[in-house]
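The values are calculated or read from the model by the stated rules, or taken from the named source; none is laboratory data. The structure presented is a predicted model; accordingly, all values stated were derived computationally and were not measured. So basically every Cβ, Gly included, is an ideal-geometry build from the backbone, and we count neighbours across all protein chains shown.
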Amino acid sequence: MRVVLEATGIYGLDAALALSRAEGIEVMVANPRSVRDFAKALMQRSKNDPLDAVVLREYGERMPFRAWRRPSENRLALWAITRRIQALTEMCRGEKNRQHAAQISQTTPACVRRDVERNLRSQQRALKQLRLQARKCVAVEAELEREYRLLVSVPGIAESSALQILGELAMLPEDRDIRQWVAYAGLDSTEYSSGASVRKRTRLSRTGNRHLRTALYMPALTAIRWEPHLRGFYEHLVQRGKRKKQALLAVARKLLHAIYGMFRTNSPYQGSRVFRLPQPETILASSQNSS
């Protein structure tokens, strides 16, 4: 028997886990965007549970069936912990903003300031404990420990970012190629053109795992400041007319390519493989030609 369901966060994950334990059942976890577009292709304008079930059954019959592979319990735990770390980090950021506003506002009473400070300390303690638990999940599996060591070799990726990235990548099957990694992160390019008259600007799809994109964003931002090859790649894109935000997301995609290669070859980060910087004589020659 084959079962098709949509990815709906922890609820869909629990259903997939329960079904994967049953004998004689194959499970496919479909991308909700793909299912929604499929329903539009069927001219299905209404939405309710019975209609959704019909669409999913039709989807399973007509589309290629890709069986879902159950991750290990340790990888599931790492994924859940890092998701909680990301949520708590966002909460801490908001609480820090409230703390700053409370300190400079004369209308904020002392009891409110103390409550914000107490809440912020509690969240920071929780983050510390969760990072320790995530690190334990990595340490008990040799493959995860190897990948973690490779991640922290990248300039701009420290312990926190490495855990966040690894928590998302740990859920991917091993047979995925780099194009599937990029699409999973929503960092794949989309083109819109028709003939010679219609041609819109190429942009990133952003129809993938936003948690992985978030985990890659800060390392990319740090890398364009401190890593010369990625900074050179960023400046190269800006000089070609890319907006700064587009160039930064392209750096995040380049980082993901580098991580994929590092995992496959078991080699630490090498910036020269990511982007080759222009040689000094080349720069001198180009400047003389322009003058």
- Kindly provide the set of residues from the stretch 83-138 that are of a type in the set (S, T, N, Q) and over 29 Å from Ile165 (Cβ atoms), ordered by number. Gln103, Ser105, Gln106, Thr107, Thr108
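Which ranges mark the helices (runs of 4 or more DSSP H) fully within the stretch 108-210 that have 2 or more residues being small (Gly, Ala, Ser) and more than 17 Å from Ile85 (Cβ to Cβ)?
Filter on the stretch 108-210 gives 178-185.
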- Message: What's the number of the only condition in (1) assigned to a helix (DSSP H, G or I); (2) surrounded by fewer than 16 Cβ atoms within 10 Å (Cβ to Cβ); (3) without any contact (Cβ under 8 Å) to a residue 40 or more places away in the chain that Phe38 fails to meet?
- Response: (2)
- Message: Looking at the stretch 102-156 only, could you name the residues that are farther than 20 Å from Ala170 by Cβ and outside the structural domain of Ile85 (by TED's automatic domain parsing)?
- Response: Pro155, Gly156
- Out of the residues in the stretch 1-35 that are closer than 27 Å to Gly186 by Cβ and small (Gly, Ala, Ser), which is surrounded by the most Cβ atoms within 10 Å (Cβ to Cβ)? Ala30
- Among the residues of the stretch 225-246, how many are part of a helix (DSSP H, G or I) and surrounded by 21 or more Cβ atoms within 10 Å (Cβ to Cβ)? 3
- Item | Unmet requirement for Gln270, which otherwise passes all of (1) surrounded by 15 or more Cβ atoms within 10 Å (Cβ to Cβ); (2) more than 12 Å from the chain's Cα centre (by Cα); (3) without any contact (Cβ under 8 Å) to a residue 60 or more places away in the chain | (1)
- Only one of (1) of a type in the set (Val, Ile, Thr); (2) farther than 28 Å from Ala67 by Cβ; (3) at pLDDT 90 or above does not apply to Val140, and that is (2)
